[in-house]
Structures are given as structure tokens and as C-alpha cells.
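In what follows, a structure is listed as C-alpha cells, so that the remarks can point back to it.
Any read-out appearing in this document is the output of simple, stated calculations on the displayed coordinates, not a laboratory observation. Model, not experiment: these values are computed from the prediction. When we count neighbours, we look across all protein chains shown, and the Cβ atoms used for this are built from the backbone with ideal geometry, even at glycine.
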Amino acid sequence: MLQLAGAGKRFGPKLLFEDANWLITSNERTALVGANGTGKSTLLKALAGLDTLDYGSLQRTRGMSIGYLPQDGLSLSGRTVFEECLSVFDELRSIEQELEGLAASLAELDPDTSAYAAVAERYSNLGARFHAHDGYALDAQVGSVLGGLGFGKEDWSKDTKEFSGGWQMRIALAKLLLQKPNLLLLDEPTNHLDLETRNWLEEYLRSYPNGFILISHDRYFLDVTVNKIIEIWNKGLHVYSGNYEKYLQQKQERRIQLEAAYKNQRERIEHLEAFISRFRYQATKAKQVQSRIKELEKIERIEIPQEEQAIHFTFPQPPPSGRTVVEVTGLSKSYGEKRVLNDVSFTIDRGDRIALVGANGAGKSTLIRMLSGQEAATSGVLRLGHNVLPDYFAQDQYKVLDASSRMLDDIGRIAPRVPETDLRSLLGCFLFSGDDVFKPLGVLSGGERNRYALARILVSPANFLLLDEPTNHLDLRAKDVLLEAVKKFTGTVIFVSHDRYFIDRLATRVLEVESGHVHVYPGNYEDYLWRKEGREVAPLAAIPTSIVVVEEVASVLPVPAEKEKVRRLNPIRLRQMQERLAFVEEEIPRVEASIAATEESLGIFVSAEETERSTQLLASLREQQNALTAEWEELMLQLEEQQVNS
């Protein structure tokens, strides 16, 4: 459909990429990745026809349609949400109006006339076209997409100008999905989506009939939606098959191969240079020297570009708190007549890493502000435990920063014992490098100040962190730094995030805020989804309190029917199962060999004690063999089910 040939692009004096070749097919499912500033968004704009290339060519199949979603900046007004989305079907709606007119003409014309035949033919052709594009279900299509992207029916009749920037981007995304262009180009489509809508978009793209290319910093989203990765690295385009997880593995393998080739080439070059240097002035070796000089000149030197230095930051470990960090009893919160939380009770213990989840507007941010002391409860009791020191990161944390203070000076006051080089490395990970660290905070954009505010919290000594959407405005590298730092943190963390990978790797418990109540689930987001599916069919009327502890009701949950759809595992759990299967497959032959050797030793009598020892060993080995075989069968069954349902 689309082909790049020898493509190159500059940004001022900086070369972003060159000699880029890429054949984009009709079933493209690709992610563009690369470090910040390498030109991912620029390349996406060029593919959309919104930017030009400085070198090479871009050829497009005639008649193909392309839909492009930028990161932000779109603003719609003048129509209701539903009308705005329905506008993508203007051509079909015109056909519908013409069909109505043609039907009226057919009712008036004489069936035996040529005019009637012409109108009937036109009606038939238009009707077939209208039916092929599912024209009779336009309203249903719009409603389905709006519902999936989190718009309630009460929002459909509102003017688009009433919605904030994030919701404006959702409207723009809805229009693109309804258009179903031949190629979707999505730049950070999950930036403005909560978990529920992100999950919906994931499923939508998995069944999307055409091709798409996307940029995203959501690792799990990439793992489950794409089957190819294009990395902009070292000013070139590098292709990797598979999802993001496989890309990381392949990239490491390529790096090892490149380093090996570089080492071999260096050894050859040094050998040639040593020969030339030794025999340059000997007439008897002149022919051999010239041959080696020519060989040396022909060698295309392998270069290993410097990788971004990995940043490993560890929180200054805080003083320990008491075992109970927070105890909530009968907590309620209302804004006028609107009740957000109703009679909520739960306990947070030291060391918990709790993810707060729920639909937009459910009350997640309200609850986390109440836990941090930013808001008072309407009723109920919220007690902090012994020696609990809370620190709160808000979505608009930048508003509390001193606008006149320089970045490095400000963070240095908070962490006077941390060396400046470490602070600059940390700031660099959050995309502040060079002279950026000397800028006054007031000149930064909202997103930049939020990124800085999060880096600032990493050097805070608090033992109870409350983080409201800390992964917003972060790239994959910064998310990894934050994730590893929080995992090593010895205090307690409660956080709101729309990043599935971040929650899966970090959470030890999930608190779901739903309809004014809080439901507690053990484990990460994957465990939460699985248990929630069971809870939804379990009778909860008999549970008296507003908090549902899933551990207590799990035993009474109905067993899923055999024909029920198999749960699709997340890539992390799937990889763990695959690694365990490989281990079991290697272990079974070793155990079988030990059994054979033990049986052979029993055939040779040495002593009664030795016979008894060998008999006991043989029984133990056979038990181990049975357990491994059963585990192998179970793992194989689960992995085969995943393949069938993928």
C-alpha cells in the first residue's frame, strides 16, 4: 500500500534518519519505537502526508485512505459528540437520502417505462453499496465505539467544545475508528485512556480489518496488538518480527552478534596493520604489503553506536512505619447531592503496593486525595498508623512547585546528600539533559513540570507514597526507572495508573472503586481481572459491608463452564509459563536417567543398608517424575489453549 525508498529526514542540522526502506502492507500491525528525538512522530507525519521527506521517496497506492491521530492538539466544536462521529458517514447518509428519493420516484413512475428502469437500476446499485458498508447500522456503530471509549449516553448529546483536551482526543480517535481507513497511524493513542477504554481499544485493534502503525509507551499494549517492531536507531530503520517482548530479545541478540563481528573485524584490521607496518619497507614483501593495504581500504568498518546508559535509581529508604499504615472505617464522601464514596472500610499494611482502579469518575483520585490528607471525608474515620509519613503526587503536581526556582537547585534542596551527578542522571532519565537542569521551573510546560515533580518524589524520604497517574508523560525508559525504584522501595505505595504493564509488575493488591464502594483483590491486574470475572456471577447480597474481600468469597465462586472462553494470559505470565515448561522438559529426562541408574544399582547387592537407601531414593524419584509429568501436561494444555484463543 505504501512504500518508503531511501527516505531521510533532518530536523535543523540534526539528521533523524536516512536511507530508510519500508514496504507497508495492507495487514500491517507495527509499532514504531526508538529513543526520544529519533524521529518517530516525524516519520508518522510523513507517512500521513503531513510532513515532507528531505531525501528519498514515498509512494502510495492509488485510492488508499489513511487516518492519522496526533498526540494532542485537536479541538472540535459546533456539533454534539454523536453528530461529530456520525459526520464520518456523510457520504453514506447522502446515499440514504438519495435512496429515499428514488423509492418515492419508483412509487410514482410507470413500471413499463424506461425512466422506471433507469431509476430502478440506480436504486439497486446504490442499495448494494449502502448495504455493503452496513449503512443501516450507522447509529449502532457510533454508539458502540463511543461506549467503548468511555462516553456515556448522556455525553452523546453534549457539544464537543464542553470536553477537555483528553476527551477531545477520544472523539477524534472514535471518528478514525469509525472511518476504518486502509491504514491507521496512531501517535500515543492510549495517552488519554483509562484502563477500561485501553482494554477496549486493544481488542478493537486486534480485530481491525485493515493495517495500523502506532507509537506507544505502553509496553503491554504493544505486546498484545502488534506483530512487528520498526526501531529508529543509529539513524536507520531496523525491523524486528514479533511483539515488544520479542523485540527486546532480538535486539539483545543482534547487539551480541554486532559486538562479535566488531571484535573479529578489529582483530583482522590490527593483524593487517601490523603486517603492513612490519614489512612496509622490505622490497621482497612489497606485493604482499600492497595487497593488504587494498584489503584494508575495502573493509567497511563496523560501528557500535553507544547505547543509552541504563539508569538505576534507588529511593533513599525511609524510616519504617507501624505494621498498619492506614485504617479506614465507614468512610463516605459527597459533593453536594452526589455521593462518590459510600461507607467504605479497608486496611493498608506496611509494604503493600496497591493499585487503585476503576472507571473515569468512579472516585479513584478522590480516594487517594483523602488518604493523603488533601481532602476531608464527609463522614467516617481515616487513621494513619504509627510513624507514617505520607507524600502525595497529584496529576497536577506542577502547580505546587516554585516557578522561580531552578530545577537542579530545587531538587538539590530536597536531597542534599545525593551527589549532583546522580541527580543529573535521574533528571536525564526523565528527559531533562544538558542545560535543561538549569531552567527555572516556571518556563516548563505542564507535562514537563509533572515529569520533574515525579523525579523530585524519587528523592523524598516519605514511607507512604500516594501516586496519582505517575506514568503520564513518561516514556518507556523513564517508566522502567520508576518501576524498578518503587519495587525496591521498602515503604508502602498506593497508586493510580492506566499502564497495564506497570500495574502487573508492581501491584500486590488491587482496590477497585466502583459505584461508591471499594472491592479488594489480591495480586496484580491480571489476577484482578480473573477474580472479577468470577465475582460478577457470584451472589454478593449476603455480604454486609461495602468492601468485598475476594479472598473470602473465592471459595464459593461457581466453577466456570467448560465451554467458557479461556482467559488470555498477559505476556509476563505467558513467558513465565513457557520458561517453566522448558525447565520441566529438561528436568524429566534427568530424573528418568536417575531412576534407570538407581534401578540398575538395586540389581547389584552391596548391603542391606544400601539396598534400603536406594529403594527410598527410587520411590522419591518416581514421585518427582509423576509430579513433573503432571505439571508438564498441565502447562502444555494451558499453552495450547492460549494459542487456540490468540
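Computed from backbone phi with θ = phi - 60° and the Karplus coefficients 6.51, -1.76 and 1.60, the 3J(HN,Hα) list for region 264-281 is 4, 5, 4, 5, 5, 4, 5, 5, 5, 5, 5, 5, 4, 5, 6, 10, 4, 9 Hz; x is used for glycine and proline. Radius of gyration (Cα atoms) of region 571-645, expressed as a multiple of 2.2 N^0.38 Å: 1.49. Per the Debye formula on identical point scatterers at the alpha carbon atoms of region 324-556, with no solvent, log10 I(q)/I(0) at q = 0.10, 0.14 Å⁻¹ is -0.50, -0.91. Only Cα pairs under 8 Å and 6+ residues apart enter the sum, and on that basis the relative contact order of the chain stands at 12 percent. Checked against a 28 Å cut-off, the cross-linked pairs Lys364/Lys479; Lys161/Lys479; Lys180/Lys228; Lys153/Lys175 give Cα-Cα distances beyond that limit for Lys161/Lys479. Note on Gln249 and Leu23: the model spin-label points, each 7 Å out from Cα along the C-beta direction, lie 2.7 nm apart. Each of Met169, Val510, Ser614 was scored by the projection of its Cα onto the charge dipole of the chain, and the greatest displacement toward the positive side belongs to Met169; charges sit on the C-beta of Lys, Arg, Asp and Glu. Across region 74-134, Cα-Cα pairs more than 12 Å apart make up 72 percent of the total. In terms of its C-alpha gyration tensor, region 248-298 has a prolate overall shape, because the principal axis ratio a/c (a ≥ b ≥ c, square roots of the eigenvalues) is not below 1.5 and a/b outweighs b/c. Taking the fewest neighbouring Cβ atoms within 10 Å as the starting point, the ordered list for Lys287, Lys532 is Lys287, Lys532. Each Lys and Arg adds +1 at its Cβ and each Asp and Glu adds -1 at its Cβ; summed about the Cα centre, the chain shows a dipole of about 2580 debye. Seen from a random direction on average, the alpha-carbon convex hull of the chain projects onto 50.8 square nanometres.
Convex hull volume per residue, computed on the Cα atoms of region 32-113, equals 189 Å³. The calculated FRET efficiency for the pair Ser105 and Glu337, based on their C-beta separation and a Förster distance of 41 Å, comes to about 0.15. Cα centroid distance between region 322-354 and region 51-68, in Å? Cα centroid of region 322-354 versus Cα centroid of region 51-68: 53 Å apart.
Footprinting exposure proxy ranking of Thr52, Thr508, Thr61, fewest other C-beta atoms within 10 angstrom first, gives Thr52, Thr61, Thr508. What percentage of all Cα-Cα pairs in region 341-458 are separated by more than 16 Å? Result for the distance tail: 68 percent. Here's the picture: charge each Lys and Arg Cβ at +1 and each Asp and Glu Cβ at -1 in the chain, and of Ala597, Gly434, Trp22 the one pushed furthest to the positive end of that dipole is Gly434. For region 80-183, the alpha carbon positions stretch 59, 29, 17 Å along the principal axes, listed from largest to smallest.
For region 591-599, backbone phi angles converted through the Karplus equation (6.51, -1.76, 1.60; θ = phi - 60°) give residue-by-residue couplings of 5, 4, 5, 5, 4, 4, 5, 5, 4 Hz, Gly and Pro being listed as x. Counting other Cβ atoms within 10 Å as a rough exposure proxy, the listed residues Tyr247, Tyr220 run Tyr247, Tyr220 from fewest neighbours to most. Loop-located trypsin sites (Lys or Arg not before Pro) in region 25-62 (DSSP state other than H, G, I, E, B) with a sparse environment of at most 11 neighbouring Cβ atoms within 10 Å: Arg62.
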